[in-house]
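Got a structure for you, written out below as structure tokens; questions coming shortly.
Read-outs throughout are calculated quantities, based only on the coordinates presented, and are distinct from any laboratory measurement. None of the values given here were measured: they were computed from a predicted structure.
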């Protein structure tokens with residue numbers, strides 16, 4: 001079931017208000033996205049923990065409604 | 001957490017083999033692009049691993065998501081520890097962290113295509 005990029009961005013920002021979110025619709029089908037999420041909340045977390053935080057923000061949609069989201073997370077560079 | 005009997009089976013699997021990939025399909029015939037990517041990374045590094053086809057085992061398929069607190073498959077385990085899914089494996093491979101990770105865990109790498 002397709003999901004639009006704005007919804008994904010909003011869900012992430014609800015949990016991680018300072019996040020800079022860049023989303024790409026890879027296949028143009030609303031089903032395969034790549035997201036880059038940059039947030040101070042990731043400081044000191046492992047990559048697994050950072051991705052878990054984003055998945056948590058998506059409230060169970062990942063792997064279900066949202067089939068494919070290639071995820072990249074990082075802490076802001078100027079920190 | 002003992003209300004999930006499948007957790008015991010998963011724990012057994014990740015403890016029994018040093019490198020375990022929960023995946024869709026088999027290492028020879030991956031049935032999903034993300035699983036195929038992980039197989040390719042491990043193969044490039046010459047890492048022997050056990051592939052567990054979650055498509056053949058619905059209980060493991062759902063169980064491993066809860067076990068790792070990770071919503072998707074593939075999932076890579078090294079020495080009983082969850083390392084990540086496809087994006088993390090790929091990123092670690094590209095930055096060289098994955099090689100370091102295997103070295104640290106005493107798993108021998110045999111580069112198929114040395115640079």
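Of the residues A:48, A:37, A:21, which exhibits the maximal mean-square fluctuation in a Gaussian network model of chain A defined by a 10 Å Cα contact cut-off?
Ranking A:48, A:37, A:21 by mean-square fluctuation puts A:48 first.
Between helix B:5-16 and chain B, what is the angle of the helix's C-alpha long axis to the longest principal axis, kept within 0 to 90° and rounded to the nearest 10?
20
Report the relative contact order of chain B, percent, no decimals, based on alpha-carbon pairs under 8 angstrom and at least 6 residues apart. Each step should come with its number before you reach the end.
On the way: 161 pairs, mean separation 36.0, N = 115.
Worked out over chain B, it gives 31 percent.
Right, here's the next one. Could you tell me how many degrees, from 0 to 90 and to the nearest 10, lie between the Cα long axis of helix A:5-15 and the main elongation axis, the longest principal axis, of the Cα atoms of chain A?
In chain A, helix A:5-15 runs at an angle near 30 degrees to the longest axis.
Relative to the longest principal axis of chain B, what angle (0 to 90°, nearest 10) does the C-alpha long axis of helix B:58-68 take?
Tilt of helix B:58-68: around 70 degrees.
Over the Cα atoms of segment B:5-104, each weighted equally, I'd like the Debye log10 I(q)/I(0) at q = 0.20, 0.24, 0.25 Å⁻¹, rounded to two decimals.
-0.96, -1.39, -1.51
Given a 10 angstrom Cα cut-off, can you work out which residue in B:81, B:13, B:94 is the most mobile in a GNM of chain B?
Answer for the Gaussian network model of chain B: B:94.
Percent of Cα-Cα pairs per 5 Å bin, from 0 to the last occupied bin, for segment B:33-80, please list those.
P(r) for segment B:33-80, in whole percents per bin: 5, 19, 28, 27, 15, 6, 0.
Something else now. Working from the pairwise distances between different alpha carbons, so that the mean of 1/r is found and then inverted, what is chain A's Kirkwood radius in Å?
Working: mean 1/r = 0.0798 Å⁻¹.
Evaluated on chain A, it is 12.5 Å.
On each of the three principal axes of the Cα atoms of the protein assembly as shown, give max minus min coordinate, whole Å, ordered largest first.
42, 42, 33
Calculate for chain A the 222 nm mean residue ellipticity that helices alone would give, adding -39,500 (n - 2.57) per DSSP H run of length 4 or more and normalising by residue count, nearest 500 deg cm²/dmol.
Here the helix-only value at 222 nm equals -8500 deg cm²/dmol.
Which of B:29, B:102, B:49 ends up with the largest GNM mean-square fluctuation for chain B, with Cα atoms connected below 10 Å?
Among B:29, B:102, B:49, the largest GNM mean-square fluctuation belongs to B:29.
To check you understand DSSP bridge types, tell me what percent of the beta bridges within chain B (both residues inside) are antiparallel, rounded to 5. Before the final figure, lay out the partial values.
Numbers: 8 of 12 bridges.
Roughly 65 percent of the beta bridges in chain B run antiparallel, per DSSP.
Please report, to two decimal places, log10 I(q)/I(0) for segment B:46-115 at q = 0.11, 0.23, 0.24, 0.26 Å⁻¹ as given by the Debye formula with identical point scatterers on the Cα atoms and no solvent.
For segment B:46-115 at q = 0.11, 0.23, 0.24, 0.26 Å⁻¹, log10 I(q)/I(0) is -0.31, -1.11, -1.17, -1.28.
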